[in-house]
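Engineer: Attaching a single structure in structure tokens format; questions to follow.
Just so you know, all these numbers are worked out from the coordinates, no wet-lab data involved. Only a predicted model underlies this, so the values are computations on that prediction, with no experimental measurement involved. In this analysis, Cβ positions are derived from the backbone assuming ideal geometry, glycine residues included, and neighbour counts consider all displayed protein chains.
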Amino acid sequence: MKKKLLLIVMATSLLAGCGQSIPKLSNGDEVLVELGDGTKYSANEVWEDMKESYAMQIVLDKIDNKILTEKYKDEEKDINDYISNLETSLRNNYPDETTLLGLLQQSGFASMEDYLDSQRTYYLQQKAYLDYAKTKVTDKEIKDYYKKETVGDIHCVHVLVKPESSASADDETAKKKAEDIIAAIKKDIKSGTKAEDAFKKYESDDSVTYEDLGYFNKGDMVEAFETAAYALKKGEYSSKPVKTTYGYHVILKLDEKEKASLDDAKDKITETLAQEKLDEGGTKMETEALIELRKDNGFKWHDSTLEEAYNKYMNYLLNS
């Protein structure tokens, strides 16, 4: 979209820059391009054909970027770091400049700068969506979530056995090894070894992964691991291997803290519930967020064609 408009501007600039006299139509419009048979098209004529299809989104991107850059100006460093890391990652994955530019152009971007601008706007919009969703979270929802879902941090160590492949035979072998580890740990503890020391023996075993996970809370680990860990009592270890996408785990819970107060947990709960609302609301809620944001910043059209196209597009998004 931007590339097409850029080509129009470049073409006009080239004509003017060469010192040529730009021909005009009978109505006074400057000619943008012509054919050998005398057919001529003006920039205004092309603009009228293009504006409903391309101009609206370009304008909205510019407006949203300006509004959101101001809204999140205190987070400018984080935003710039995100964009810089994104560019570095792209260039590391595609060190050949020609290949990288070709891929970007295939995706509709004229340059790296064009792509990064779009990603900056996207990043800012994601923040705006979440902030909008937070305004829809009620105190009752926060209190209910706190009562039912909020828990204290837990401290665990685990031993992980990874299958060598996705084959069922390798999966069974890994499961059997995890069961053998549980039996060995149980034997060590019976002989007087502390549970924590029994687990730590596997720190030097290259065939498995031993890890002290420190303290964590809900949402920090994969669901199956998290569920199994929270089900254990302090000092207890898993009596059966816990399967996740990583393999088979043997878990020891070392400690569990009291859950945070409602005041201390409120911000995190609000963000969690807001994300749930966004996931449920999808495009409709995202559209509502941007419409409200633009209205709050005095957004209005001075072109009736674009205004009509905008209203139709927003209504489509709200009702799709």
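Engineer: From the phi of every residue in region 270-275, what ³J(HN,Hα) in whole Hz does the Karplus formula 6.51 cos²θ - 1.76 cosθ + 1.60 yield, where θ is phi - 60° and glycine or proline is x?
Structural biologist: Per-residue couplings from phi come out as 4, 5, 5, 5, 5, 5 Hz.
Engineer: Ok, one more. Which cross-chain or sequence-distant (5 or more) residues have an amide H under 5 Å from the amide H of residue 157, H modelled 1.01 Å from N in plane?
Structural biologist: 213, 252, 254
Engineer: Something else: How do 109, 199 line up, fewest other C-beta atoms within 10 Å first?
Structural biologist: Values: 109 20, 199 26.
So the residues, fewest neighbours to most, are 109, 199.
Engineer: Among rounded, prolate and oblate, which fits region 151-256 when a ≥ b ≥ c are the square roots of the eigenvalues of its C-alpha gyration tensor, a/c under 1.5 means rounded, and a/b larger than b/c means prolate?
Structural biologist: Numbers: a/c = 1.88, a/b = 1.15, b/c = 1.64.
Oblate shape, in that a/c is at least 1.5 and b/c is the bigger or equal ratio.
Engineer: So for 227, 121, 244, fewest C-beta neighbours within 10 Å to most, what's the order? If you can, show how the numbers build up before the last one.
Structural biologist: Working: 227 12, 121 18, 244 15.
By the 10 Å Cβ count, ascending: 227, 244, 121.
Engineer: Now a separate question. Label region 272-320 by shape, choosing from rounded, prolate and oblate, from the square roots a ≥ b ≥ c of the eigenvalues of the Cα gyration tensor; if a/c is under 1.5 it is rounded, and otherwise prolate applies when a/b is larger than b/c, oblate when it is not.
Structural biologist: Working: a/c = 5.97, a/b = 1.83, b/c = 3.26.
Oblate, because a/c is 1.5 or more while a/b does not exceed b/c.
Engineer: Do the sum for the chain: with -39,500 (n - 2.57) for every DSSP H run of n ≥ 4, divided by all residues, what is the mean residue ellipticity at 222 nm, to the nearest 500 deg cm²/dmol? Write out the running numbers ahead of the final one.
Structural biologist: Details: 12 runs with 191 residues, N = 320.
Per the formula, -20000 deg cm²/dmol.
Engineer: Could you list the square roots of 5 times each eigenvalue of the Cα gyration tensor of region 105-156, that is, the equivalent ellipsoid semi-axes, sorted largest first and rounded to whole Å?
Structural biologist: Working: eigenvalues 307, 57, 11 Å².
That gives 39, 17, 7 Å for the three semi-axes.
Engineer: While we're looking at this one, here's another question. Rounded, prolate or oblate for the chain? Axes are the square roots of the Cα gyration tensor eigenvalues, ordered a ≥ b ≥ c, and the cut-off for rounded is a/c under 1.5.
Structural biologist: Numbers: a/c = 3.71, a/b = 2.18, b/c = 1.70.
It is prolate, given that a/c is not under 1.5 and a/b is the larger ratio.
Engineer: What does the charge dipole of the chain about its Cα centre add up to, to the nearest 20 debye, if the Cβ of each Lys and Arg holds +1 and the Cβ of each Asp and Glu holds -1?
Structural biologist: Details: 46 positive and 63 negative charges, 189 e Å.
Here the size comes out at about 900 debye.
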